[in-house]
Structures are given as C-alpha cells and as structure tokens.
Amino acid sequence: QVQLVESGGGLVQPGGSLRLSCAASGRIFVLYARCWYRQAPGKERESVARISSGGSTNYVDSVKGRFTISRDNGKNMVYLQMNSLKPEDTAVYYCYIGGPGSGYWGQGTQVTVSS
C-alpha cells in the first residue's frame, strides 16, 4: 500500500521561506512524476510544480523563480523549496505521485503566509 506523508508546513511571514517534504512508502514506480498541488480556501486545487522521472520541471506561473521542486528517488522523497513567500501562497499543499492508470495523494500540510 502506498502512503504519502507531507511535512514542513507552518506559519511564515511574507518574504520568508519554507521547505516542504513528502515521504513516500510502498511500491512506487520511479518513472512516475512527482507533483505538488495546493488548495486555498474557496478555491479549486491547482498544480504548483511537477518533476518528471528525468528531472524536467514545470511550475505554475505564479511561483516561477520562487519555488523549486526536487526529488530523491533513493529515499523516495519529494521536496518543495518555497522562497519569497506571499500571502497568496497560503493554502494546503498536497504531494501527488502518479502515472498511467494510478496516482496517490498525501493528506496535505498547511502553509500560512501572514504578518
């Protein structure tokens, strides 16, 4: 059984940084893409960042230049380094790992950017 557990969320002031981690357990194909999504109150869940098995990355325009996604296949970890945080980054952040025919979600970690 696959489980994803996010950590690293919290309260941070505007301009601050946080590093989210996602620990995966169970059998997950290395070829599956690793992604971070977020959902703010009253809004739909949106894709924030994606990293392919080959290391190619994609970001939503609003976080480009501020967020960096990375992965450690040996440790089954996915990370999201978030710098220059803004109040509009406030949301629950979810880790997602998926490929053809299957996908897995974590339970989410709250990120609040406020002074």
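The values are calculated or read from the model by the stated rules, or taken from the named source; none is laboratory data. Since the structure is predicted, the reported quantities are computational estimates derived from the model, not experimental observations. A quick note on method: Cβ atoms are made from the backbone with ideal geometry, for glycine too, and the neighbour counts reach across all protein chains shown. With ligands, DNA and RNA removed, areas are computed over all heavy atoms of the protein, side chains included. Shrake-Rupley method; radii C 1.70, N 1.55, O 1.52, S 1.80 Å.
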Subset tally (residues that are over 19 Å from T90 (Cβ atoms) and in contact (Cβ under 8 Å) with a residue 12 or more places away in the chain) for region 29-54
11
If I filter region 1-30 down to residues being in a strand (DSSP E or B) and polar (S, T, N, Q), which single residue comes out as nearest to G74 (Cα to Cα)?
S25
Residues within region 11-41 that are open to solvent by less than 90 Å² (accessible area, probe 1.4 Å) and either among the acidic types (D, E) or more than 12 Å from T109 (Cβ to Cβ) (or both), tallied:
15
Looking at the structure I just gave you, is T90 over 18 Å from S21 (Cβ atoms) and surrounded by 15 or more Cβ atoms within 10 Å (Cβ to Cβ)?
yes
Going residue by residue through region 94-113, is there one that turns out to be free of Cβ contacts under 8 Å to residues at least 24 places away in the same chain and open to solvent by 60 Å² or more (accessible area, probe 1.4 Å)?
yes
Condition check for S70: out of contact with any helix residue (DSSP H, G or I) (no Cβ under 8 Å at 6 or more places or on another chain), open to solvent by 40 Å² or more (accessible area, probe 1.4 Å) and touching a residue at least 12 places away in the same chain (Cβ under 8 Å):
yes
Residue list for region 31-43, filter: over 15 Å from the mean Cα position of the chain (by Cα) and either among the aromatic types (F, W, Y) or closer than 22 Å to S7 by Cβ (or both):
P41
Looking only at region 44-72, filter to residues that are modelled with pLDDT under 95 and of a type outside the set (S, T, N, Q); which one of those is nearest to the chain's Cα centre (by Cα)?
R71
Candidate set: region 48-80, residues that are among the small types (G, A, S) and assigned to a strand (DSSP E or B); chosen: the one farthest from A24 (Cα to Cα)
A49
